Amino acid sequence: IPVLQIVKESQQQHGLRHGDFQRYRGYCSRRLRRLRKTLNFKMGNRHKFTGKKVTEEILSDNRYLLLILMDAERAWSYAMQLKQEANTEPRKRFHLLSRLRKAVKHAEELERLCESNRVDAKTKLEAQAYMAYLTGMLRFEHQEWKAAMEAFNKCKTIYEKLANAFTEEQAVLYNQRVEEISPNIRYCAYNIGDQSAMNELMQMRLRSGGTEGLLAEKLEALITQTRAKQAATMSEVEWRGRTVPVKIDKVRIFLLGLADNEAAIVQAENEETKERLFESLLSECRDAIQAVREDLKPDQKQREHSLENDSGKVSNIQYLHSYLTYIKLSTAIKRNESMAKSLQKALLQQQRSEEDGKRTPRPQDLIRLYDIILQNLVELTQLPGLEEDKNFQKEIGLKTLVYKAYRCFFIAQSYVLVKKWSEALVLYERVLKYAREVQSGAGAYTNSLKELPDVQDLITQVNAEKYSLQAAAILDANDTHETESPSQVKDGKPLSERFETFCLDPSLVSKQVSLVHFPPGFQPIPCKPLFFDLALNHVAFPPLEDKVEQKAKSGLTGYIKGIFGFKS
């Protein structure tokens, strides 16, 4: 049986794609029940349990091996579920270790059965690698680094040999498993005493990309544990000429890995990895700020402020809070600037159109990013403890001018798209004004402005855009005069009323074509003739006096005769 393929397919289809180990454990239990029912390998009946074991004598169907494999997978998935829950309930760690031992026991039984002559060589090797993997996981949880490393290395060696022995399609699964266990091997080597393993873990973190979520989370956890050990030696931090003690462990771990995180962002191979690293750094920074904020209690802050009020300084814990907030805002600015650069490249290419099914980037997207950057810069100037730092305020002021210039540039670009030439020209002049102010005031702050976009390139681009704008405005004016010629003027009449007049009407090929007036307008029509009966005045009616008199004479007698049918 292809052990690794069965395991991977089952895990991906039943919960592990989303980290749902409980769902996968339920699937393993249901599959075990189906296999026992199909093979008639039941453990007694509903009244009495009768234990059975798979032996080499009854090994006539590969589904007997699947029984033991699913037992091991069920125990392993329960252990991983308990590992997630053990973050909040430490007592569940003992149950976790018990289930891992149970999984190793089933894996050993699988390996023993695969030694039979009825099993092929590939299945034997896969069973050995599976047992070594689970053994390494158990030793890793017990923090027995040497034994765990030996088991993982054995597993890695077997899978590498299997990958080389088969086709590329079959080797993909084996190589993925090798990549999964490599961070664990390096972490075991680091705990044994190999100091170079930390650098290799960082490189693995860069190569993991955004698609391998489980591997990335595992690397983050391993790196955090390693930094926690190194953070014990860190006691203070210096920023802008002031040394501040650091007593919170979470802040120590964050500051210790800050330089590594920034270096990893610079070395990122693509924008997706860079964005993921930015988000990870911002998340760690927010956690560190929250840990400091919990120590900023009102009574403690007032006590420290009263002690240091004479010197005009804020307290150490408040200054540390300002430093972490500065790191968070600076990182957010760098992330938005990186996103702006990628959008600018897309704007220059102008090739990502409807063919890709993606929305084409517009200058308005960049305007929003620069608005956020300017808002972050305003928050930087309001940090406690830096109000009197004139160099810091001047530096932030210059950065604000740079980003204002770029924001005005892209606002002008958006006006160009709608042919508002005068507004765009005024904004281009404003860009040049901001750029010249930056150049005139950037004498002593050249080093701090190195990471910002180059203002000189912006000036060159704006001058070129001004000439293009003037040319486009002249051409647009000529087009306006041409559209006023009689052959192109559209007087609003529908097509049915201007058959004899040639007119360039682009609406005829659009969905809003005007063919006839609908609903049609009212038109005058002749009214229906009126007839007056003038003959009535000249008609002489016959006399009716005799009939009226008879009607008057008829009384009771006439009534009785009428009843009995006598008629006069």
What is the calculated FRET efficiency for residue 545 to residue 497, with r their C-beta to C-beta distance and R₀ = 60 Å, to the nearest 0.05?
-> 0.25
Mind listing which GluC sites (Glu not before Pro) in segment 361-395 are in a DSSP loop and have 13 or fewer other Cβ atoms within 10 Å?
-> 387, 388
Beta carbons within 10 angstrom, averaged per residue: use that to sort the peptides 281-293, 499-511, highest first.
-> 281-293, 499-511
Residue separation between residue 108 and residue 60 times 0.36 nm, minus their alpha-carbon distance, gives in nm 15.3 nm
Calculate the length of the line joining the C-alpha centroid of segment 420-441 to that of segment 524-539, in whole Å.
-> 84
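Filter the GluC sites (Glu not before Pro) in segment 1-81 down to the DSSP loop ones having no more than 10 other Cβ atoms within 10 Å, then list what survives. Write down the numbers at each step before the final one.
Details: sites: 9, 56, 57, 73; in loops: 56, 57.
Filter output for segment 1-81: 57.
Roughly how many percent of the accessible protein surface of segment 370-476 is carbon and sulfur, given a 1.4 Å probe and a whole-percent answer?
Details: 2970 of 5730 Å².
On segment 370-476, the fraction of accessible area on carbon and sulfur atoms equals 52 percent.
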Alpha carbon centroid spacing (whole Å) that separates segment 19-72 from segment 492-510 | 80
Along principal axes, largest first, the alpha-carbon spread of segment 370-476 in whole Å comes out as 56, 25, 18
Using a 1.4 Å probe on heavy atoms of the protein chains only, the accessible area for residue 237 in Å², nearest 10, reads 20
Each label point is 7 Å from the Cα along the Cα-to-Cβ direction; what then is the distance between the points at residue 470 and residue 169, in nm?
-> 6.5
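Pairs 92/146; 42/92; 274/419; 419/511; 52/156; 83/105: which are spaced more than 28 Å apart, C-alpha to C-alpha?
Values: 92/146 25 Å; 42/92 31 Å; 274/419 37 Å; 419/511 24 Å; 52/156 33 Å; 83/105 19 Å.
The answer is 42/92; 274/419; 52/156.
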Could you give the nm distance between label points at residue 52 and residue 161, where each point is 7 Å from its Cα heading toward the beta carbon?
-> 3.5
Segment 370-476 - accessible surface per residue (Å², probe 1.4 Å) | 54
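Compute the Rg to Rh ratio over segment 17-165 from the alpha carbon atoms, using the Kirkwood formula for Rh, and round to two decimal places. Don't jump to the answer; show the numbers that get you there.
Numbers: Rg = 16.5 Å, Rh = 16.6 Å.
That ratio equals 0.99.
The values are calculated or read from the model by the stated rules, or taken from the named source; none is laboratory data. What you see is a predicted model, and the numbers here were worked out from it, not measured in a lab. Cβ sites come from the backbone with ideal geometry, for glycine too, and all protein chains shown count toward neighbours. To get the accessible areas, we keep the full protein, side chains included, count just its heavy atoms, and leave off ligands, DNA and RNA. Shrake-Rupley method; radii C 1.70, N 1.55, O 1.52, S 1.80 Å.
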